[in-house]
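Student: Following this message is one structure expressed as C-alpha coordinates.
The values are calculated or read from the model by the stated rules, or taken from the named source; none is laboratory data. Every value quoted in this text rests on a predicted model; they were computed, and no experiment measured them. FYI the Cβ positions are ideal-geometry reconstructions off the backbone, even for glycines, and counts take in every protein chain you see.
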Amino acid sequence: MKIVRYITAAGPQFGCIHDDIVYSIEGLPSRNAQQGARIGPLNSVKLMAPCRPAKIIALAINFPGATGLSETMKEPLVFLKSGTSVCGPYDDIVSPFPGINVWGESELAVVIGEHGSIFGYTAANDVSADNIEGWDHHLARSKAADTFCPLGPWIDTEYSPANRLIEGLQNGDVIRRGNSDDRLWGDARAVEWLSRWMTLEPWDVVLTGAPVRVVPRRYLKPGDEFIVRIDGLGELRNRFRENSVR
(Lines give C-alpha, C1' and ligand atoms only; values in the text may rest on other atoms or scores of the structure.)
Protein backbone atom coordinates (compact mmCIF):
# COMPACT_ATOMS: atom_id res chain seq x y z
CA MET A 1 0.00 0.00 0.00
CA LYS A 2 1.16 3.53 -0.80
CA ILE A 3 0.36 5.69 2.22
CA VAL A 4 0.15 9.47 2.09
CA ARG A 5 -0.79 12.35 4.37
CA TYR A 6 -2.86 15.12 2.88
CA ILE A 7 -4.33 18.44 3.96
CA THR A 8 -8.05 18.84 4.66
CA ALA A 9 -10.12 21.55 6.32
CA ALA A 10 -10.20 19.32 9.40
CA GLY A 11 -6.42 18.93 9.47
CA PRO A 12 -3.93 16.33 8.22
CA GLN A 13 -5.37 12.97 7.24
CA PHE A 14 -3.83 9.66 6.20
CA GLY A 15 -4.79 8.19 2.87
CA CYS A 16 -3.61 5.79 0.23
CA ILE A 17 -2.95 5.92 -3.50
CA HIS A 18 -4.37 3.57 -6.11
CA ASP A 19 -4.01 4.26 -9.86
CA ASP A 20 -3.02 7.89 -9.16
CA ILE A 21 -6.18 8.47 -7.10
CA VAL A 22 -6.03 9.37 -3.41
CA TYR A 23 -8.45 7.56 -1.09
CA SER A 24 -9.06 7.83 2.62
CA ILE A 25 -8.18 4.85 4.76
CA GLU A 26 -10.18 3.28 7.55
CA GLY A 27 -8.50 3.67 10.93
CA LEU A 28 -4.77 4.05 11.43
CA PRO A 29 -2.39 3.34 8.55
CA SER A 30 -1.09 -0.20 8.45
CA ARG A 31 -0.14 -2.84 5.93
CA ASN A 32 -3.72 -4.13 6.14
CA ALA A 33 -5.52 -0.78 6.15
CA GLN A 34 -8.78 -0.67 4.23
CA GLN A 35 -9.27 1.75 1.36
CA GLY A 36 -12.04 4.24 2.04
CA ALA A 37 -13.71 7.07 0.16
CA ARG A 38 -12.28 8.62 -2.98
CA ILE A 39 -10.60 11.97 -2.23
CA GLY A 40 -9.44 12.97 -5.71
CA PRO A 41 -6.69 12.69 -8.34
CA LEU A 42 -3.21 12.66 -6.91
CA ASN A 43 -2.25 15.87 -8.72
CA SER A 44 -5.19 17.72 -7.13
CA VAL A 45 -4.48 16.78 -3.51
CA LYS A 46 -2.05 18.76 -1.35
CA LEU A 47 0.34 16.20 0.07
CA MET A 48 2.29 16.54 3.29
CA ALA A 49 5.28 14.54 4.46
CA PRO A 50 3.89 10.98 4.73
CA CYS A 51 4.86 10.75 8.40
CA ARG A 52 6.06 12.98 11.22
CA PRO A 53 8.92 11.10 12.87
CA ALA A 54 10.08 11.82 16.39
CA LYS A 55 13.63 11.41 15.11
CA ILE A 56 15.53 10.83 11.90
CA ILE A 57 18.61 8.63 12.14
CA ALA A 58 20.94 9.00 9.19
CA LEU A 59 23.75 6.82 7.91
CA ALA A 60 26.65 8.49 6.14
CA ILE A 61 29.52 6.98 4.15
CA ASN A 62 27.31 4.07 3.06
CA PHE A 63 28.27 3.96 -0.63
CA PRO A 64 31.57 2.99 -2.26
CA GLY A 65 33.52 6.10 -3.09
CA ALA A 66 31.85 8.21 -0.40
CA THR A 67 33.98 10.97 1.09
CA GLY A 68 35.62 9.71 4.28
CA LEU A 69 35.37 5.98 3.49
CA SER A 70 38.35 3.95 4.66
CA GLU A 71 39.23 0.26 4.68
CA THR A 72 39.26 0.23 8.48
CA MET A 73 35.66 1.40 8.92
CA LYS A 74 33.56 -1.23 10.69
CA GLU A 75 30.35 0.76 10.97
CA PRO A 76 28.75 3.72 9.19
CA LEU A 77 28.88 7.27 10.45
CA VAL A 78 25.57 8.02 12.20
CA PHE A 79 23.99 11.39 12.90
CA LEU A 80 20.55 12.72 13.85
CA LYS A 81 18.18 15.18 12.25
CA SER A 82 15.37 16.81 14.20
CA GLY A 83 11.71 15.88 13.78
CA THR A 84 11.01 19.48 12.81
CA SER A 85 13.46 19.20 9.91
CA VAL A 86 10.79 17.24 8.04
CA CYS A 87 8.82 18.89 5.25
CA GLY A 88 6.71 17.50 2.46
CA PRO A 89 6.84 17.15 -1.30
CA TYR A 90 6.72 20.54 -3.05
CA ASP A 91 7.36 22.41 0.22
CA ASP A 92 10.20 24.91 0.11
CA ILE A 93 13.55 24.11 1.67
CA VAL A 94 14.26 27.29 3.65
CA SER A 95 17.79 27.95 4.82
CA PRO A 96 18.12 30.05 8.00
CA PHE A 97 21.77 30.68 7.08
CA PRO A 98 21.91 33.30 4.30
CA GLY A 99 25.18 33.18 2.43
CA ILE A 100 26.13 29.75 3.83
CA ASN A 101 26.58 26.90 1.33
CA VAL A 102 23.68 24.41 1.31
CA TRP A 103 23.32 21.27 -0.79
CA GLY A 104 20.89 18.37 -1.29
CA GLU A 105 21.48 14.63 -0.99
CA SER A 106 19.14 12.02 -2.49
CA GLU A 107 18.46 9.05 -0.21
CA LEU A 108 16.29 5.97 0.18
CA ALA A 109 14.61 6.14 3.59
CA VAL A 110 13.29 3.39 5.83
CA VAL A 111 10.15 4.09 7.87
CA ILE A 112 10.07 2.18 11.15
CA GLY A 113 7.02 0.19 12.28
CA GLU A 114 6.09 -1.63 15.46
CA HIS A 115 8.86 -3.22 17.52
CA GLY A 116 11.61 -1.78 15.35
CA SER A 117 10.40 -3.47 12.17
CA ILE A 118 10.58 -1.97 8.69
CA PHE A 119 7.14 -0.56 7.89
CA GLY A 120 7.94 0.80 4.44
CA TYR A 121 10.08 3.06 2.31
CA THR A 122 10.01 6.64 1.10
CA ALA A 123 12.32 9.11 -0.62
CA ALA A 124 14.29 11.67 1.36
CA ASN A 125 16.52 14.67 0.81
CA ASP A 126 19.24 15.02 3.43
CA VAL A 127 19.71 18.78 3.08
CA SER A 128 23.00 19.93 4.56
CA ALA A 129 24.79 23.21 5.22
CA ASP A 130 28.39 24.13 5.90
CA ASN A 131 29.11 24.59 9.57
CA ILE A 132 31.01 27.59 10.90
CA GLU A 133 34.71 27.52 11.75
CA GLY A 134 35.27 24.59 9.38
CA TRP A 135 33.55 22.15 11.74
CA ASP A 136 32.34 18.82 10.41
CA HIS A 137 29.14 19.16 8.36
CA HIS A 138 27.44 16.25 10.17
CA LEU A 139 26.81 18.45 13.22
CA ALA A 140 23.28 19.47 14.19
CA ARG A 141 23.62 23.01 12.88
CA SER A 142 24.30 21.60 9.43
CA LYS A 143 21.65 18.90 9.38
CA ALA A 144 18.76 19.66 11.75
CA ALA A 145 17.33 23.00 10.64
CA ASP A 146 13.61 23.19 9.93
CA THR A 147 12.75 21.96 6.39
CA PHE A 148 16.15 20.24 6.00
CA CYS A 149 14.59 16.78 5.56
CA PRO A 150 11.94 16.62 2.81
CA LEU A 151 10.14 13.25 2.75
CA GLY A 152 7.68 11.72 0.33
CA PRO A 153 5.65 11.68 -1.68
CA TRP A 154 4.40 8.43 -0.08
CA ILE A 155 5.39 5.45 2.04
CA ASP A 156 5.27 2.17 0.12
CA THR A 157 4.71 -0.73 2.52
CA GLU A 158 5.31 -3.35 -0.20
CA TYR A 159 8.39 -1.79 -1.75
CA SER A 160 11.45 -3.89 -2.57
CA PRO A 161 14.66 -1.87 -2.22
CA ALA A 162 16.68 -4.29 -4.35
CA ASN A 163 18.47 -2.98 -7.45
CA ARG A 164 16.92 0.50 -7.39
CA LEU A 165 18.41 3.53 -9.11
CA ILE A 166 18.76 6.50 -6.75
CA GLU A 167 19.33 9.90 -8.32
CA GLY A 168 19.57 13.50 -7.19
CA LEU A 169 18.84 16.21 -9.76
CA GLN A 170 19.40 19.93 -9.41
CA ASN A 171 17.56 22.07 -11.95
CA GLY A 172 17.20 18.98 -14.12
CA ASP A 173 20.87 17.96 -14.06
CA VAL A 174 21.80 14.64 -12.46
CA ILE A 175 24.34 15.37 -9.73
CA ARG A 176 24.15 12.13 -7.73
CA ARG A 177 23.52 8.60 -8.93
CA GLY A 178 23.84 5.16 -7.40
CA ASN A 179 22.21 1.76 -7.05
CA SER A 180 20.64 0.63 -3.81
CA ASP A 181 22.47 -2.70 -4.06
CA ASP A 182 25.79 -0.88 -3.76
CA ARG A 183 25.10 0.33 -0.23
CA LEU A 184 27.63 -1.02 2.24
CA TRP A 185 25.00 -1.60 4.94
CA GLY A 186 21.65 -3.04 3.88
CA ASP A 187 18.41 -1.99 5.53
CA ALA A 188 17.74 -5.00 7.76
CA ARG A 189 21.33 -5.03 9.00
CA ALA A 190 21.36 -1.29 9.65
CA VAL A 191 18.03 -1.30 11.51
CA GLU A 192 19.05 -4.29 13.63
CA TRP A 193 22.37 -2.67 14.51
CA LEU A 194 20.80 0.68 15.36
CA SER A 195 18.23 -1.08 17.54
CA ARG A 196 20.99 -2.50 19.71
CA TRP A 197 21.77 0.93 21.14
CA MET A 198 18.83 3.18 20.26
CA THR A 199 15.10 2.56 20.64
CA LEU A 200 13.47 2.83 17.23
CA GLU A 201 9.84 3.88 17.48
CA PRO A 202 6.96 3.76 14.96
CA TRP A 203 7.29 6.47 12.30
CA ASP A 204 10.98 7.07 13.00
CA VAL A 205 12.92 7.37 9.75
CA VAL A 206 16.33 5.95 8.87
CA LEU A 207 18.16 7.64 6.00
CA THR A 208 20.36 5.04 4.33
CA GLY A 209 23.01 7.25 2.74
CA ALA A 210 23.49 9.30 -0.41
CA PRO A 211 25.05 7.93 -3.58
CA VAL A 212 28.20 9.65 -4.71
CA ARG A 213 28.29 12.80 -6.81
CA VAL A 214 28.74 12.42 -10.57
CA VAL A 215 29.67 16.10 -10.94
CA PRO A 216 31.53 18.43 -8.57
CA ARG A 217 29.42 19.52 -5.60
CA ARG A 218 26.77 22.05 -6.51
CA TYR A 219 25.32 24.35 -3.91
CA LEU A 220 21.68 25.37 -3.91
CA LYS A 221 20.78 28.88 -4.98
CA PRO A 222 17.44 30.60 -4.31
CA GLY A 223 14.89 29.29 -6.79
CA ASP A 224 16.76 26.06 -7.52
CA GLU A 225 14.74 22.84 -7.63
CA PHE A 226 16.14 19.64 -6.16
CA ILE A 227 14.56 16.32 -7.14
CA VAL A 228 15.08 12.98 -5.45
CA ARG A 229 14.21 10.25 -7.96
CA ILE A 230 14.11 6.62 -6.85
CA ASP A 231 12.85 3.74 -8.98
CA GLY A 232 9.34 2.83 -7.87
CA LEU A 233 9.02 5.62 -5.29
CA GLY A 234 8.22 8.54 -7.56
CA GLU A 235 9.87 11.93 -7.29
CA LEU A 236 10.36 14.20 -4.31
CA ARG A 237 10.53 17.81 -5.55
CA ASN A 238 11.42 20.88 -3.52
CA ARG A 239 12.62 24.40 -4.24
CA PHE A 240 15.22 26.23 -2.23
CA ARG A 241 15.09 29.69 -0.70
CA GLU A 242 16.79 31.61 2.09
CA ASN A 243 15.41 33.48 5.05
CA SER A 244 16.52 37.09 4.98
CA VAL A 245 17.07 37.19 8.74
CA ARG A 246 20.01 35.37 10.29
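Student: Would you mind finding the one in 219, 159 that is of a type in the set (Ser, Thr, Tyr), at pLDDT 95 or above and over 24 Å from residue 50 (Cβ atoms)? Steps first, please.
Tutor: Working: 159 fails: over 24 Å from residue 50 (Cβ atoms).
Sole residue among the options that is of a type in the set (Ser, Thr, Tyr), at pLDDT 95 or above and over 24 Å from residue 50 (Cβ atoms): 219.
Student: If you don't mind, another one. Quick one: is residue 183 of a type in the set (Lys, Arg), over 18 Å from the mean Cα position of the chain (by Cα) and more than 28 Å from residue 6 (Cβ to Cβ)?
Tutor: So residue 183 does not fit the description; no.
Student: Of the residues that make up segment 189-196, is at least one farther than 30 Å from residue 74 by Cβ, surrounded by fewer than 17 Cβ atoms within 10 Å (Cβ to Cβ), of a type in the set (Gly, Ala, Ser) and modelled with pLDDT of 95 or more? Please lay out each step first, then the result.
Tutor: Restricting attention to segment 189-196, the residues satisfying the condition of being farther than 30 Å from residue 74 by Cβ are none.
Checked against the condition, which is being farther than 30 Å from residue 74 by Cβ, surrounded by fewer than 17 Cβ atoms within 10 Å (Cβ to Cβ), of a type in the set (Gly, Ala, Ser) and modelled with pLDDT of 95 or more, segment 189-196 yields no hits at all.
Student: Restricting segment 222-246 to residues that are in a loop (DSSP other than H, G, I, E, B) and under 25 Å from residue 163 (Cα atoms), which is modelled with the lowest pLDDT? Steps first, answer last, please.
Tutor: Applying the first criterion (in a loop (DSSP other than H, G, I, E, B)) to segment 222-246 yields 222-224, 231-234, 243-246.
Restricting the remaining residues to those that are under 25 Å from residue 163 (Cα atoms) gives 231-234.
Values: 231: 97, 232: 95, 233: 95, 234: 92.
Taking the candidates together, the pick is 234.
Student: Would you call residue 3 of a type in the set (Val, Ile, Thr) and either over 23 Å from residue 112 (Cβ atoms) or under 18 Å from the mean Cα position of the chain (by Cα) (or both)?
Tutor: On the way: of a type in the set (Val, Ile, Thr): yes; either over 23 Å from residue 112 (Cβ atoms) or under 18 Å from the mean Cα position of the chain (by Cα) (or both): yes.
When the stated conditions are applied, residue 3 passes them.
Residue-wise test of (1) under 30 Å from residue 181 (Cα atoms); (2) out of contact with any Leu (no Cβ under 8 Å at 6 or more places or on another chain).
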| position | (1), (2) |
| --- | --- |
| 43 | no, yes |
| 48 | yes, yes |
| 58 | yes, no |
| 100 | no, yes |
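Residue by residue, here is whether (1) in contact with a strand residue (DSSP E or B) (Cβ under 7 Å, 6 or more places away or on another chain); (2) under 24 Å from residue 61 (Cβ atoms) holds:
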residue	(1), (2)
158	no, no
164	yes, yes
176	yes, yes
196	no, yes
222	yes, no
237	yes, no
241	yes, no
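Student: Hey, among the residues in segment 119-143 that are among the aromatic types (Phe, Trp, Tyr) and part of a strand (DSSP E or B), which one's surrounded by the fewest Cβ atoms within 10 Å (Cβ to Cβ)?
Tutor: Going through segment 119-143, the residues among the aromatic types (Phe, Trp, Tyr) turn out to be 119, 121, 135.
In the following step, the residues that additionally are part of a strand (DSSP E or B) were identified as 119, 121.
Values: 119: 20, 121: 25.
Top of the filtered list is 119.
Student: Identify all residues within segment 112-143 that are out of contact with any Ser or Thr (no Cβ under 6 Å at 6 or more places or on another chain) and hydrophobic (A, V, I, L, M, F, W, C); write none if there are none.
Tutor: 112, 118, 119, 123, 124, 127, 132, 135, 139, 140
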